Structure formats: C-alpha cells, structure tokens
Amino acid sequence: MEPLMAYVVGGLYAAAIYMMLRRSIVKLVIGLILLSNAANLLIFTAAGLVRGTPPLIAEGAQVPPPGVADPLPQALVLTAIVIAFGVLAFAVVLIHRAYEIVKADDLDQMKSTDT
Amino acid sequence: MRPEIALPILIPLFFGALSLAVWRSRLAQRWLAVIGTGALLASGIWLLFATLNQGPLVTTLGDWQAPFGIVLVSDLLGAIMVLLAGLMAFSAAVYSLAAMGEGHERFGYYPLLHMLLAGVCGAFLTGDIFNLFVWFEVLLIASFALLILGGERAQMEGAIKYVTINLISSAVLLTAIGLVYGLVGSLNMADLAVKFADADAEHTGLITVIAMLFMISFGIKAAAFPLFFWLPASYHTPPVAVSALFAGLLTKVGVYALYRFFTLIFTQDAELIQTILIWGGTITMVVGVLGAAAHFEFRRILAFHSVSQIGYMILALGLMSPLAIAGGLIYTFHHSVVKTNLFFVSGVSYRLRGTHELKELGGLYRAAPWLSLLFLISALSLAGIPPLSGFFAKFVLVRGALDLQFWVVTGIALAVGLLTLFSMTKIWAEAFWKAAPENAPTPPPVEPGQPLYLMYLPIIGLAAIAVLMGIFGEAVFELAMLAAEQLEDSRIYIEAVLGENP
C-alpha cells in the first residue's frame, strides 16, 4: 500500500507544480489545491498505513493493543485540511477580484509590480 | 501555568475579537488598537524580564506533559522577538491613527492587525512544530487580507504572488512536518532535538533532506536568496503602515524559525547547513542591495534593502558562533526598528508630496527639516554609521566572522554596507536635498481627524530607540550574548521543556 501511495503523492506534487507554472490564474489555484492535498496525503502515508485496527482501548486495559493505527496524524491532517480549505477559499476570491480588476486571467499581464 | 507566556498570544486574540464586536464604531476600534498593542508591548517587557531572571519559561497547554502535549516556551530569543513584535505593533497602531484611510478602517484593518499579531507571537512562543505551522497560517491569512485591503490593481497583482509563494512555503513546511513525524514520531521541538541527536546513522540522509525542506520553507518566509522575489513585488503595494509592519515583523518570523530550527533541532550535519546558510546569506545581501541601487521608488528601495539586510541575519546564523549569533540578534532587532521607521518616513513624505517616485519628490529638507533629521538617523543607522544601532549590530557580526577567519564573507558584508549608504544617499539627495520639481503632483487630501503629529510620534520614538541602542550598546550586547549562549547550548532549552534527564 505504501509504495502505491508514494507514487500517488509524487504524482500529485508533479501535477501541482505543472499547473502552477501555467499562465492562467485558475490553473494556478488548481495547482495550489493539488499541492495542499499532496502534503496531506504525505503526512498520512509517512505516519504509517494500517487497515482495520482503530486505536481503541479494550475495557479494563490501560493501553491499546500493539499495531493499532496512530490517531495523531489523522488529527494533523484534519487540521491541515481545514486550514487549507480556508486559505484556498481566500485564494479563489482573490483571483476572482484580480480578474475583475485586471480584466485578464493571464499572469503575464500582472507584471506591473515586478522588478 | 505561567500567565506571562500566554499573555502575548491572548492579548491580541482578545482585542481582535473585541474589535470585531465593535465593527460599526471606527472610534472604538482605533482606541482598542492602541490599547491592545500597548498591552502587548507591556506583556512583552514583562516576559523578557521574567525570562531573564528565571531562565527559560515553559507552560504546558491543558496540562498535557511534554512531549505529548503542546508547550509554550519562552527562552531569551523568543522573549526578545515578542518584545520586538509588541514594539512594532504599538508604533504601527499609533501611526495608523493618522495614516489609515477610513475605507481601510471600515473594512476591518484593526481586527486583522490584532490577528496578525496573535499569529506572530504564537509562532515565537510555541515549542511544537505543528503548532508553529498553525500559527504561521494564522498570521498568513491575516497578512493576505491586510495586503489587499483597498483593492487597487497593484495590490491584487502583488497579492497573487505573495499568496502563491506563501502557500507553497506552507505546503513544503507541512511536508517536512509529516516526514519528521513519520521518522521519529514526535512533534515537540525539544524532544526532536534529543531524538535527532541520537538517530541511527542510516537516517542521516533523510534528516538532511528534512532539514533542507525546513530551510526552503523558512527561507521563503524570510525572503532569502534565491527565494525572495515575492517580497519586492508585493511589499510596496499596501498602505504604508502595513508595509512598515510587514517589513519590520513578517520576514523576521522566518528568520526566527531558521534560528530556532538550526540551533536546536538540526545540528548533526552542521557543515553542509552552515555552508548553505553562509553563502545564501552573502548572496542575499549582495542581490538585495544591488536591486535597491537600481530603483527610484522610495518604498521599492526600502523593500530591496529588507532583502539585503535579511542576508546579514542568515549569515550570522550560518557562522554559528555565539558572537556571530549575538550580532545576528542585535541585527534583527535593529533592522526591524530602523526599516519600519524608514517606511513611516516614506508615508509622511507621501502625505506632504503625494508621490513615492524619487524623481517627483524634492525640497523636503526645506519643507520639513525635522523629518529630514529623523530620516537621516534611520538611514545612517541602516548603513551602520556609529554611534547608531546599526554600527554595533554590524560590528559584532563582522567581529564574529573575523574570529572564524571568513575573510571573503567579511569583505562582502562591509562592501554591502557601503552600497547601503549609497542608496540611502540617493534617497537623501533626490527626495530631501534637491529643489522640488516643477510638475510635482499635488498631495492627497487629508481626511479629518488625522493630525500629522500622530505620524511623527512613532517615528520619533523609533529613531530614539535606534540612537539609544547605539549609546547603550554594551547592555544590548550583553543581552544578545546571553540569548546567543542559550541558543548555543541546546541542553538549556531541552531541560527546560523535558526536565532534567530526558
């Protein structure tokens, strides 16, 4: 399972960077979305994937049985998803406003502040 | 539970929420901004004295013991940075009273300012790398909104680059955190320092990869070469008070994170990391100062100088001796004070003349001699002229480099100082010295209730600090030296967080 996920994560990073290098600002945002998802999947994979062993402590026991899923990376990913959602929502509104003001979705026409 | 550690985070959060509650009242928001940032400054002073007297302070959140729960840690580096944040925030808030247009204030300038400060102080004080990521996002989203407040075309164009590059930086940071957790199963900085120090030899390569990911992520935030292009493209677009706060504070968060990570956590492959930091810092200062020399817009020159000065701080970290790091810390503080002040001066000159272009400015020395004096103090301090703050910062740093026999780097650092003086002289000659040009633009109309003296007050205060840091150079140096020794001996931090025998 992990090698497959590694390829998926790598593919997502590559696709994200490809999309961000395009000139269209819509594709730029799609690239950012892919990038944040790639990072989330990577946390998930790096912390270890196990099937069908929820981290539950049996009645009377003090610690869960060995080999259960680690709940912490899931909490981390959940936090990261929420943050990424908020930030990306902002980015979508930003490119919409930028499109209204600049009247183009082409990054090459947004160079007036560059040096 | 130590209240003084939590206060610098709680105060801005509280005042931010309160400012939202009085959304309709512009007057109340303005007063809350001054009171809130003043309280932040006071709590920063309290925290610094408490840390100085009692050593590193630690608070566990929810009483979950380290390394399992999130801890807030205040060592001298963190406390100094919080004090700096309070100082910058207070001066920016007073300046905003006179400089911020009603349109900006009505659309939530002050609540965003408080949220930004909460994120900055949280990043300075947390002892947990995932929590650091969360605070970074808090300050980023506030800075995004501050950057586009006003909605002009240049702001939108600058913001797209700023937002994109910062989101990439966050994704890289998150990737690095995920790999760290996968490798050692911990997120607590002190615990990571222990675990990486006695990690197996087979993992050394992976640890170096993770260190590089962190370096890229923080390097983007600090605007180090070759990751700085977003800064000159965006920092001159928002209102001056925002630019000043960003230049003084936000890049320093990246610098702080570099200092924290590469003195505490990633110390095993030191030679490679030091080489990258030293040469990255050196090239940063050269490229930044050359960019500044090529520009003729007041704020763009200042933005490029920010890049250049970041190079000194990264160089100091790369040298990694207590003396050099003490120099880097003085430099960080001095640069925030001086650079914010120069942006403030550019705001006053805009109010008097209605333009930021040096070619259209002129005659300011005749029209406002005191402003010229205040500009000169900050500009000469930036260039490192004794007896101002910049001289001692540069002196300690160069001395540290010479002790380690880095002759070439030292020479470049001194030459960059000379070039800094050159572009400061350019601003002086063009904006202050020469006669006002014939076809100068008319100054913008002043909104009622924005007296000019409120813009001068923070400028005078920060200029006084720049002078005092020079006059009381020894006290500043001793404090920085103590902080550098705490950074150098990472056991102090580890024992404060994890107890005597981790």
At 222 nm, what helix-only mean residue ellipticity would chain B give, in deg cm²/dmol to the nearest 500, using -39500 (n - 2.57) for each DSSP H run of four or more? -25000 deg cm²/dmol
Could you give the distance between the Cα centres of segment A:43-62 and segment B:182-244, to the whole Å? 30 Å
Relative to the isolated chain, which residues of segment A:20-34 have their accessible area cut by 10 Å² or more in the presence of all protein chains (1.4 Å probe, heavy atoms, no ligands or nucleic acids)? A:Met20, A:Leu28, A:Leu32
Summarise the partner chain shielding of B:150-158 as one whole number: the mean count of Cβ atoms from other chains within 10 Å of each residue's Cβ. 5
Buried on assembly, segment B:177-219 (at least 20 Å² less accessible surface than by itself, 1.4 Å probe): B:Gly178, B:Leu179, B:Tyr181, B:Gly182, B:Leu187
I'd like the carbon and sulfur percentage of the solvent accessible area for chain B, probe radius 1.4 Å, heavy atoms only, ligands and nucleic acids excluded. 69 percent
Gap in Å between the Cα centre of segment B:250-301 and the Cα centre of segment B:50-110? 23 Å
Within 10 Å, count the other beta carbons around each residue, average over each peptide in B:123-132, B:44-53, B:22-31, B:179-188, and list them highest first. B:123-132, B:179-188, B:44-53, B:22-31
Helix B:270-293 versus the longest principal axis of chain B: what angle, 0 to 90°, nearest 10, using Cα atoms? 0 degrees
I'd like the accessible area for A:Met5: 1.4 Å probe, protein heavy atoms, all chains in place, Å² to the nearest 10. 30 Å²
Potential lengthening between B:Trp31 and B:Phe107 on full extension [0.36 nm per residue; Cα-Cα distance subtracted]: 25.7 nm
Mean residue ellipticity (222 nm) of chain A, computed from DSSP H runs ≥ 4 via -39,500 (n - 2.57), nearest 500: -22500 deg cm²/dmol
Note, ³J(HN,Hα) from phi for segment B:218-234, Karplus 6.51, -1.76, 1.60, rounded to Hz, x at Gly and Pro: 6, x, 4, 5, 7, 6, 9, 4, x, 10, 9, 4, 5, 6, x, 7, 10
Which order do the peptides B:351-361, B:388-398, B:65-75 take when ranked by the mean count of other beta-carbon atoms within 10 Å per residue, highest first? B:388-398, B:65-75, B:351-361
Partner shielding of A:35-48, as the mean number of partner chain Cβ atoms within 10 Å, equals 5
Residue separation between A:Asp114 and A:Arg23 times 0.36 nm, minus their alpha-carbon distance, gives in nm 31.2 nm
Efficiency by 1/(1 + (r/R0)^6): what FRET value for A:Val50 and B:Leu373, r their Cβ-Cβ distance, R0 = 56 Å, to the nearest 0.05? 0.25
Summed buried accessible area for A+B [probe radius 1.4 Å, Å², rounded to 100]: 3000 Å²
Per residue, in Å², the accessible surface of segment B:3-498 once ligands and nucleic acids are set aside, probe 1.4 Å: 33 Å²
Give me a single rounded figure for B:128-141: the average over its residues of other chain Cβ atoms within 10 Å of their Cβ. 2
In degrees, nearest 10, range 0 to 90: what is the angle between the Cα axis of helix B:298-319 and the longest Cα principal axis of chain B? 20 degrees
Heavy atoms of the protein only, probe of 1.4 Å, neighbouring chains included. What is the accessible area of B:Arg399 in Å², nearest 10? 120 Å²
Could you sort B:Val408, B:Val120 by their accessible area in this structure, using a 1.4 Å probe and putting the largest first? B:Val408, B:Val120
Inter-part gap, Cα centre of segment B:405-476 to Cα centre of segment B:354-400, in whole angstrom, is 3 Å
Kirkwood Rh, Cα atoms: Rg over Rh of chain B: 0.96
Under the 0.36 nm per residue contour assumption, what length would be gained going from the current alpha-carbon distance of B:Glu485 and B:Leu468 to full extension? 3.7 nm
For segment A:19-30, take each phi angle, set θ = phi - 60°, evaluate the Karplus expression 6.51 cos²θ - 1.76 cosθ + 1.60, and give the result in whole Hz per residue in order, putting x for glycine and proline. 5, 6, 7, 6, 7, 6, 6, 5, 5, 4, 5, 4
Which angle from 0 to 90°, rounded to the nearest 10, does the C-alpha axis of helix B:76-99 make with the longest principal axis of chain B? 20 degrees
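The values are calculated or read from the model by the stated rules, or taken from the named source; none is laboratory data. All values derive from a computational prediction rather than experimental measurement. Don't worry about glycine lacking a Cβ; one is built from the backbone with ideal geometry, like all the others, and counts go over all protein chains shown. Surface areas here come from the heavy atoms of the whole protein model, side chains and all, with no ligands, DNA or RNA. Shrake-Rupley method; radii C 1.70, N 1.55, O 1.52, S 1.80 Å.
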